[in-house]
1. List every residue whose amide H lies under 5 Å from the amide H of A:LYS57, counting only residues 5 or more places away in sequence or on a different chain, with H placed 1.01 Å from N in the peptide plane.
2. Report ³J(HN,Hα) in whole Hz for each residue of the stretch C:364-377, in order, from the Karplus equation J = 6.51 cos²θ - 1.76 cosθ + 1.60 where θ = phi - 60°; Gly and Pro get x.
3. Determine the shielding of peptide B:37-50 by partner chains: average, over its residues, the number of Cβ atoms on other chains within 10 angstrom of each Cβ.
4. Peptides B:24-34, C:214-224: what's the order by average Cβ count within 10 Å, highest mean first?
5. Taking each residue in C:248-256, count the Cβ atoms of any other chain within 10 Å of its Cβ, then average. What number comes out?
6. Heavy atoms only, probe 1.4 angstrom, no DNA, RNA or ligands counted: give me A:TRP94, C:TRP147 ranked by accessible area, highest first.
7. Quick one: ranking C:THR139, B:THR133 by accessible area, 1.4 Å probe, largest first, what do you get?
8. Accessible area of B:GLU128, 1.4 Å probe, to the nearest 10 Å²?
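The values are calculated or read from the model by the stated rules, or taken from the named source; none is laboratory data. Values in this document were obtained by computation on a predicted structure and should not be read as measured data. Cβ sites come from the backbone with ideal geometry, for glycine too, and all protein chains shown count toward neighbours. Side chains are part of the model used for accessible areas, which takes the heavy atoms of the whole protein and leaves out ligands, DNA and RNA. Shrake-Rupley method; radii C 1.70, N 1.55, O 1.52, S 1.80 Å.
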Amino acid sequence: MLQEFEFLGVLGAITLTIPVVTLIIAWLLRPKKPNPAKQETYESGIKTIGDTWVQFKAQYYIYAIIFVVFDIEAVFLFPFAVALRQLPLYSLIWAIVFIVLLFDGLLYGWRKGALHWN
Amino acid sequence: MPFDPSQIPIVQIVFFVMTACAIGGAIGVVSSPNLFHSALYLVLSLFGVAGYYVLLSAGFLAVVQLMVYVGAIAILILFAIMFARRLMGQGENQNNQQWWLSLPIVMILFAVLVGVVNTVSWPVSGAEPTGDTVMELGHAFLGSYLIPFEVVSILLSVALIGGIFLAREKVEAEEA
Amino acid sequence: MQSLIDWVLSFQNPWLTEPIVRLLSHLVFAPIVAVAAPAALIILTWLERKIIGRIQNRLGPNRAGPFGLFQAFADMVKMFTKEDITPANADRIIYNMAPGLGVISSIMTFAVIPFVPGFLGADLNVGLLYIVAIGGLGTLAILMAGWSSNNKYSLLGAFRVVAMMLTYEIPMVMTLIVVTMAAGSMSMAAVVEAQSGMWNVVTLPLAFVIFFMAGVAEVGRSPFDLIEAESEIIAGFHTEYSGIKFGMFMIAEYVHMFALSFFAAVLFFGGWQVPFVDVSSWSGPIGSILGLISLLIKVFSFVFVMMWLRGTLPRFRIDHLQNFGWKFLVPVSLFLVIVVAVVIRMFAPGSDVSVAGPLSGLVPFGEWVALLVANVLVVVVSLFVVSRVARSSQDKGLRAVAAIEGVSAK
């Protein structure tokens with residue numbers, strides 16, 4: 001197991017240097033002439049109005065919750081998928097029950113309009 | 001004595017790097033005045049824990065840790081922060097009136113944990129897992145642990161319905 | 001890779017013990033992967049401009065070098081020498097970290113791709129899950145960029161993109177489960193081996209279509225390019241980025257798109273498999289070279305299709321996009337998982353009677369036909385349900401979905 005992750009470690013270390021080296025080269029090459037007008041927040045050429053904090057749609061949050069639940073469901077389904085060919089038939093039925101139960105949750109959300117984007 | 005490269009304790013070095021991530025991240029979570037930074041430190045800490053799983057030859061758990069915590073729960077936490085707080089706030093006050101109460105509790109908890117770590121004999125096996133661990137997990141999920149497996153499904157649907165129900169109120173308040 | 005290690009070990013050199021040789025092979029191979037992926041960008045950006053140019057009746061780049069081939073180098077010089085402005089209100093540290101994290105996450109996905117028979121970086125037994133996990137880092141990078149810029153458009157763009165990525169990741173993961181069931185393993189190498197008889201795209205066409213759609217959305221390319229809906233949110237989450245940091249987001253996007261093409265080829269088009277020829281049984285390098293060429297032809301076909309889509313399709317509206325994802329793709333992919341699980345279990349071979357499927361005598365040809373029929377059936381049933389529900393329901397989102405599907409909902 002460790003052997004298989006060794007390569008990831010080496011690749012990760014090398015990949016980590018790529019953005020660092022790129023930023024350093026760019027820092028050496030590029031002009032640096034900051035001035036206050038340049039560093040203002042961009043807002044189509046006018047002065048920024050108010051705070052950046054805009055009304056955050058709660059819909060995003062609902063999607064994130066549903067996403068987390070289905071992500072965890074997938075984690076449980078992957079071992080099932082690997083072992084599928086060797087499992088007894090009743091296991092298959094239980095796995096389907098597992099999926100259908102979650103699908104019910106999704107249907108509830110659908111009925112409540114939680115999936116709908118306005 | 002000639003230098004023998006196979007004696008480099010790679011596992012120990014990786015362990016220390018991962019511990020630095022996990023503990024450094026954890027300290028960052030509680031000490032950073034900015035909530036967004038705290039959440040990112042949490043990601044670092046969870047990443048360190050994923051490294052532990054790799055060292056323990058639990059590759060599946062390591063990847064799941066990355067996928068669920070970094071890919072999903074961290075995003076949810078970040079959304080929740082932006083949902084509830086003003087952005088780029090000048091930092092939260094890190095103490096409140098009850099800080100003196102939490103101090104002894106934390107001390108006691110720490111003492112208990114140190115006691116537990118020292119008294120329990122931790123069974124350690126140097127053996128590598130045999131066979132395909134994911135396959136074994138699949139057999140376990142739908143064999144001896146079938147009932148917990150189904151309970152997980154119910155738990156997840158309850159979480160889903162509960163989450164939708166609570167967040168829905170906010171949506172309706174927004175639309176009204 | 002193992003054969004290479006064995007070859008070096010055969011020298012019996014006391015210094016070259018097994019772990020050292022393995023580490024050395026990593027140290028040779030990892031930089032190649034880490035540099036080759038961004039280097040492919042030179043070809044990809046040139047191809048993109050040329051193809052889009054031809055689609056729009058233009059010539060595309062034709063000044064720098066023969067056929068404009070050196071355009072990418074000119075762009076690179078431009079990116080490096082441009083002033084790089086950090087807005088005064090930005091969170092400097094996170095602002096500078098975000099593009100790097102995006103690049104890292106997109107390059108790291110290449111670690112598990114089997115390029116030729118028996119040669120891939122890390123043959124994880126959780127390879128399919130790994131690509132999802134590493135993709136999560138890219139999502140995080142976008143959120144970091146959007147937040148740290150402290151700009152309304154950046155933040156709004158980041159929210160929209162992340163919400164879209166979350167939506168389309170679920171159907172994508174479900175199709176990965178389908179592929180896992182067909183191969184009986186999550187290792188990428190095993191997935192390719194399992195397709196030696198028949199490619200997954202033939203037996204699981206619906207899974208492929210869902211995977212590719214969700215993948216294009218994940219990568220954020222047209223028609224899912226809400227990332228840079230210029231007419232609505234300026235440039236999305238990288239509005240404030242300039243110079244090389246903007247360039248790094250570009251690199252991340254193209255490498256990600258390249259990786260997606262590799263995944264589509266490996267998971268559904270047999271990876272390095274050549275039709276009717278078993279290259280893995282050939283000894284010597286010719287089989288490997290043929291395999292690599294076969295893989296690259298498939299990969300560049302997908303790259304071409306994605307550019308073609310960008311040249312011809314208009315952008316999705318965000319409400320259509322979300323409703324299509326949640327109300328069509330997610331239920332259909334869950335349904336597909338159940339159906340494929342049943343079919344594969346029916347054909348499962350085994351010596352034990354309690355384990356063997358009732359139709360196990362018909363493997364493999366019967367299984368292929370049954371899977372194909374099951375896929376078509378899922379498509380027909382889903383479209384039928386959508387049209388029926390859309391007709392009777394007040395759900396505007398579903399009606400829009402039905403309209404996208406071309407199913408009449410009167």
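1. HN-HN under 5 Å from A:LYS57: empty list.
2. My calculation for the stretch C:364-377 gives x, 4, x, 5, 4, 4, 4, 5, 4, 4, 4, 4, 4, 4 Hz in order.
3. Rounded to a whole number, the mean comes out at 1.
4. Descending mean neighbour count gives C:214-224, B:24-34.
5. Per residue, the number of nearby Cβ atoms from other chains is 1 on average.
6. Highest to lowest solvent-accessible surface, that is A:TRP94, C:TRP147.
7. B:THR133, C:THR139
8. 100
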